[in-house]
Amino acid sequence: MSPKIHIHDAFKNRSVISMRDFSKDEILEILRLAKEMKASPPGETLKGKILASCFFEPSTRTRLSFEAAMKRLGGNVIGFAEGSSSSMSKKETLHDTLKVIGEYADLIVIRHPVDGAARLAAEATQRPVINAGDGSNQHPTQTLLDLFTIQECQGRLDGLHVAFAGDLKYGRAIRSLAQAASHFNMRMYFIAPNGLELPQQMCEELKRRSILFSFHQTLQEVMPKLDIVYMTRIQEERMPNAWTFCNKDYILNASMLKGVKPTMKILHPLPRVNEIEPSVDSTPHAHYFEQTRNGVFLRQALLNIILG
């Protein structure tokens, strides 16, 4: 049996909960399939299949790109865009809610404000579950589309210099991407306001994987070295106290791009608030809107390999 067939078999009806669950080869295979999807959509390969879109927390890009991906593959979508639309507003448990939804759909996509909710959902149903973000914990499909975008714009994943700037404590996209990037020997630079630094547990995990990383006060310190700048907003909704983000050292503007590599690209999982000024949008380094467009192709690939 060839490795390609083996990898495809491993994805059949598989839940996607954490980037820790994926090998390097599995990641690369998903990215290969996403590239195929972008070049030539496969047609209605999921006709007759139903995706349950269960969003207990606000979302624009993730929810709509999953729904667009499913419909482009010929499938159907049911679900809700806020938790108050479900019976959990009547104090039904998440376990029972997902167990019932699993009887109506072939696959469940869930976003929830509580860390670990996606794994609980996967334990409640026999259907595959895709984690579309659980609290400040994980966002695996965001990471996969980030890796796809990085590979596309840089031509490779191995050995890149990547800066992560902004909220490194509560940003689930940062946590998931840093874990996955460790497969590719990326050199990482972390820039965060006081109190929002990368959690110690994550630092220890990167050390165990022998990943080179360092902490910096400003983006300017490392800009000339970088292949990718990954910006994030402050996750105010996850903080116990209100936070005002006004430090200019963590806001990217066009003047800060002087002297960077010509091929350097700026990514952001979006939405942005004030961490990237609009002046950056018209530069050749801005790549966050192409990044979000890639979400449809990546999620098409994932849905197809799980349900096809």
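Here the scattering of region 171-237 is modelled by Debye summation over its C-alpha atoms, one equal scatterer each and no solvent; at q = 0.12, 0.21, 0.23, 0.26 Å⁻¹ the log10 of I(q)/I(0) is -0.30, -0.97, -1.17, -1.46. Result for the chain in a Gaussian network model with C-alpha springs under 10 Å: among H287, H268, H95, the largest mean-square fluctuation is at H95.
Sorted from fewest to most neighbouring beta carbons within 10 Å, what does the list L226, L145 look like?
Details: L226 21, L145 30.
If I rank by nearby Cβ atoms, fewest first, I get L226, L145.
Helix 24-39 and the longest principal axis of the C-alpha atoms of the chain enclose an angle of approximately 80°.
Compared with the dominant Cα axis of the chain, that is its longest principal axis, helix 61-72 is turned about 50°. Take each peptide in 171-181, 13-23, count the other Cβ atoms within 10 Å of every residue, and average; sorted highest first, the result is 171-181, 13-23.
A simple count of charges around I78, restricted to other residues whose Cβ falls under 11 Å of its Cβ and scoring Lys, Arg +1 and Asp, Glu -1, yields -2.
Every number here is computed from the coordinates shown, using simple stated rules; none is lab data. In this text the structure is predicted, and so the values were computed from the model without any measurement. Here Cβ is always computed from backbone atoms with ideal geometry, including for glycine, and neighbour counts include all displayed protein chains.
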